[in-house]
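Engineer: Can you read through this structure? Questions will come right after.
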Amino acid sequence: ARHLTALQSTATSFPKSHAKLAKPEDTPYFIDNQFVSSTSTEFIEVHDPATNELVTRVPQSTDEELNAAVDSAAKAFPAWKATSNMARQQIMFKYVGLIKENWDRLAASITLEQGKTFADAKGDVLRGLQVAEAACGAPELLKGEVLEVAKDMETRSYKEPLGVVAAICPFNFPAMIPLWCIPIATVTGNTLILKPSERDPGAAMILAELAEKAGFPPGVINIVHGTKKTVNFILDNPTIKAISFVGSNPAGEYIFSRGSANGKRVQANLGAKNHAAVLPDCNKNHFLNAVTGAAFGAAGQRCMALSTLVMVGETRDWLPEVAERAKALQMNGGFEEGADLGPVISPQSKARIEELIASAESEGAKILLDGRGFKPQKYPNGNWVGPTIITNVTPNMRCYREEIFGPVLVCLNAETLDEAIDMINSNEYGNGTAIFTKSGATAETFRRNIEAGQVGINVPIPVPLPMFSFTGNKKSIAGGGASTFYGRPGINFYTQQKTVTALWQSSDAISKKADVAMPTIN
Ligand code: NAD
C-alpha cells in the first residue's frame, strides 16, 4: 500500500520544498512491523505551517486498532525480554546507522509538517540520535550489583523490563522526543506503543520504518494515532505498565494523575518559562548572539527556549541591541536558503501568541520589537509571527505568567543578582535557566540558589546530553521530578529492580531446631 509522503520517500529521495502535494496520503498506523491503513472515519488534518496546504490526514485510531496494538506488544514481550542484551544492542547499533543514513529525510519531514528550518530539524534528529547512541551502552547500564552481605550469603540485583509501555509525544520535536523513548524503552527489553503528536507524525512513522529495517521483531514498536481518546485508552489499559509523556501542563498533569491512579509509572515533562539573568560583567557580544538564537530559534517553540530575560542593572540599556540582532533574523519557509526561523505550528497558535502580545501592551508593557503582521513574500498563507521583544514587563502580567511558545522575548529588570534570583525562583516553572557573567563567584552563587533544574552558565539552552538526564523542576515536571528522561534515570524508569538473596552454605544443614527470631548482624 502507498501511504504518507514521508513513507513514500527514501533516504536519498524525499520532498524538500513547500510545494503543494499532488495527492496527500493518509498516515497509516504501524503494527506487527506493518503499515496499515486505519478503518477510522475520524481524521485530523496536518497542514504545512508555511502554506497551510494539506500534507496528510492522521486517523483517530479505532478501539479495535488500539486493542490490536496492545495485543501485538504484549505478544512480542516474552521473546523480546528473553533476547540477550547483546542481541538487542546489535539491533540498536543498526538503528543508529539507519537514522544517520535517513537524517536528511527525517529532517525534511519535520520541516514540512512542523515548520522549523531544515538546519534546525537536523538538530532535532541529532538530539534524538544521541539518545539512541547512548542506548547502545545498555549492557553496561543494565548491570546489577552484588554484595556478600553475610557469611556465605550474597544479595544481587537485576534490572528487568516492565512489559508493555507507552509514549505520548508533543509536536515541537517530532524526532527527538520519540527517540527519548524508543531506544531506552526497547533496549531494556520492553515493548512500546507510541502515539506521535497528531500535528506532525511523519518523523515517527519514518522511525518506525527504520526500526523494522534494523531488525526489531514485530510488535516491539507499534504506532497508534489520535488525541484524547487514544490517550485515555493508554491511561486505562491494564496491560500498559508505564507512560512517558512530554507536552503541555494541562495534558501532562491530567495524564500523570490518571495514569498514576491506575497504578502505572508515569514520567511527564511539561511546560516552561526559562529565564536568563544578565549581569553587566558578561561578554556582551556572546550574550547578544546567544539570547537571540535561544529566544527566536525554532520560532520559540522549544521547551527550553529562552523566553524571559532578567536584565540586571545597566544591562537593560542593551535591549535595543538585542532587537537589532533579532531584526536581522530571516523568517521564511524552512526549506529556504538562509531561513533562521519558520512559522508557528497553527493558525490557532499564531492567534494565541498575538493575543498575548496585545495583552502585554494593554497591561502597560512596551513592545520594543513587534513581529505581528509580518509575512515572507513567498508564503502569504503561513502562520507567521516575527521576533517580538516586550520590555518593562512585571511579574503580574499575563505575558510573564503564561508560556507563550512563540518567538517572543519578555524582559524584566532587576537591580541586583539576589533580586534576579528571587524573581526567577518566584516563577512556578523550573525547566531551565541561564546566567550570563564572567565571574565564577557570581555563577556559583546563582547555581547554588536557583531552583530551576537545568542551569546554563553562559549557555543559553542547557539541555543535558544523554549520558546525563533531562532534569526540569517544579511545574515543568510532574511528580516532583522523581522520574526523568534518558541517562541512568531513564534506564531505571523502564526497568523493575529485582533483588535475590542466596545462602550457599548453612549451619542449618546440621541443626535440628528452627530459628524464629529476625536474623541479627554477625
Ligand atoms: P500538548 O500537551 O498539546 O500535546 C502533547 C500530547 O498530548 C499530544 O500527543 C496530544 O495529542 C496529547 N494531548 C493534548 N491535549 C490533551 C488532553 N487534553 N488530554 C489528553 N491528551 C492530550 O503539547 P504540544 O502543544 O504538542 O507541545 C508543546 C508543549 O510541550 C509546551 O508546553 C512545551 O513546553 C512542552 N514540552 C516540554 C518538554 C520538556 O521536556 N519539558 C519538551 C517538549 C515540549
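The values are calculated or read from the model by the stated rules, or taken from the named source; none is laboratory data. Because the structure is a prediction, the values reported are computed rather than measured. Every residue, glycine among them, receives a Cβ derived from its backbone with ideal geometry; neighbour counts consider all protein chains shown. In case anyone asks, the SASA skips ligands and DNA or RNA and just uses the protein heavy atoms, side chains included. Shrake-Rupley method; radii C 1.70, N 1.55, O 1.52, S 1.80 Å.
Engineer: Based on DSSP H runs of at least 4 residues, each adding -39500 (n - 2.57), what is the mean residue ellipticity at 222 nm of the chain after dividing by all its residues, to the nearest 500 deg cm²/dmol?
Structural biologist: Taking each H run of at least 4 residues, the total per residue is -11000 deg cm²/dmol.
Engineer: Using a 7 Å offset from the Cα along the Cα-to-Cβ direction at both Ala79 and Asn262, what is the distance between the two label points in nm, to one decimal?
Structural biologist: Going from the Ala79 label point to the Asn262 one covers 2.7 nm.
Engineer: When the distances between all Cα atoms of region 145-242 are binned every 5 Å from zero, what whole-number percent does each bin get?
Structural biologist: 2, 12, 21, 20, 16, 8, 5, 5, 5, 3, 2, 1, 0
Engineer: Decide, for region 369-492, between rounded, prolate and oblate: order the square roots of the alpha carbon gyration tensor eigenvalues as a ≥ b ≥ c, take rounded if a/c falls under 1.5, and otherwise choose prolate if a/b is larger than b/c, else oblate.
Structural biologist: The shape class here is oblate.
Engineer: Tell me the per residue accessible area of the chain using a 1.4 Å probe; a whole number in Å² is fine.
Structural biologist: Here the residues of the chain average 41 Å² of exposed surface.
Engineer: Please list, in order along region 468-473, the HN-Hα scalar couplings obtained from phi with the Karplus expression 6.51 cos²θ - 1.76 cosθ + 1.60 (θ = phi - 60°), rounded to whole Hz, x for Gly and Pro.
Structural biologist: Couplings: 9, 9, 8, 10, x, 9 Hz.
Engineer: So, one more: If each of Glu253 and Lys366 carries a label point 7 Å out from its Cα toward its Cβ, how far apart are those two points in nm?
Structural biologist: 3.5
Engineer: What nm value, rounded to one decimal, do you get for the distance between Gln8 and Met86 when each label is placed 7 Å out toward the C-beta?
Structural biologist: Modelled inter-label distance: 4.5 nm.
Engineer: Write out the trypsin sites (Lys or Arg not before Pro) in region 150-198 meeting two conditions: DSSP loop, and at most 12 other Cβ atoms within 10 Å of their Cβ.
Structural biologist: Those satisfying the criteria are Lys151.
Engineer: Something else now. Post the alpha-carbon centroid distance, region 196-232 to region 419-490, in whole angstrom.
Structural biologist: So the two Cα centres are separated by 31 Å.
Engineer: Follow-up question, since we're still on this one. With a 1.4 Å probe and every protein chain kept in, tell me what percent of the accessible surface of the chain is carbon plus sulfur.
Structural biologist: With neighbouring chains kept in place, the figure for the chain is 53 percent.
Engineer: Return the whole-Å distance between the Cα centroid of region 345-363 and the Cα centroid of region 385-418.
Structural biologist: 13
Engineer: Would you grab the residues whose amide H sits under 5 Å from the one on Leu409? Only those 5+ places off in sequence or on another chain, please, with H modelled 1.01 Å from N.
Structural biologist: The list, which skips near neighbours in sequence, is Thr388, Ile389, Ile390.
Engineer: Let me ask something else. Pull up all non-local amide H partners of Thr56: gap of 5 or more, or a different chain, and H-to-H distance under 5 Å with H placed in the peptide plane.
Structural biologist: Residues meeting the amide H criterion: Val46.
Engineer: Apply the Karplus parameterisation 6.51 cos²θ - 1.76 cosθ + 1.60, with θ equal to phi minus 60°, to every residue of region 303-317 and state each ³J(HN,Hα) to the nearest whole Hz, in sequence, with x for glycine and proline.
Structural biologist: Result, ordered by residue: 5, 10, 4, 8, 9, 9, 10, 10, 8, 8, x, 6, 5, 4, 6 Hz.
Engineer: Out of residues 5 or more away from Ala167 or on other chains, whose amide H comes under 5 Å of its own, with H placed 1.01 Å from N in the peptide plane?
Structural biologist: Sorted by chain and number, the residues that satisfy this are Ile193, Leu194, Lys195, Ser244.
Engineer: Largest first, what is the accessible-area ranking of Met311, Met86 with a 1.4 Å probe?
Structural biologist: Solvent-accessible surface, decreasing: Met86, Met311.
Engineer: Further question: Would you mind classifying region 28-123 by shape? Square roots of the alpha carbon gyration tensor eigenvalues, ordered a ≥ b ≥ c; an a/c under 1.5 is rounded, otherwise it is prolate if a/b is larger than b/c and oblate if not.
Structural biologist: Here region 28-123 falls in the oblate category.
Engineer: Still on this structure, please answer the following. To check my understanding: the extent here is largest minus smallest coordinate of the Cα atoms along each principal axis. What are those three numbers for the chain, in Å, largest first?
Structural biologist: 87, 61, 37
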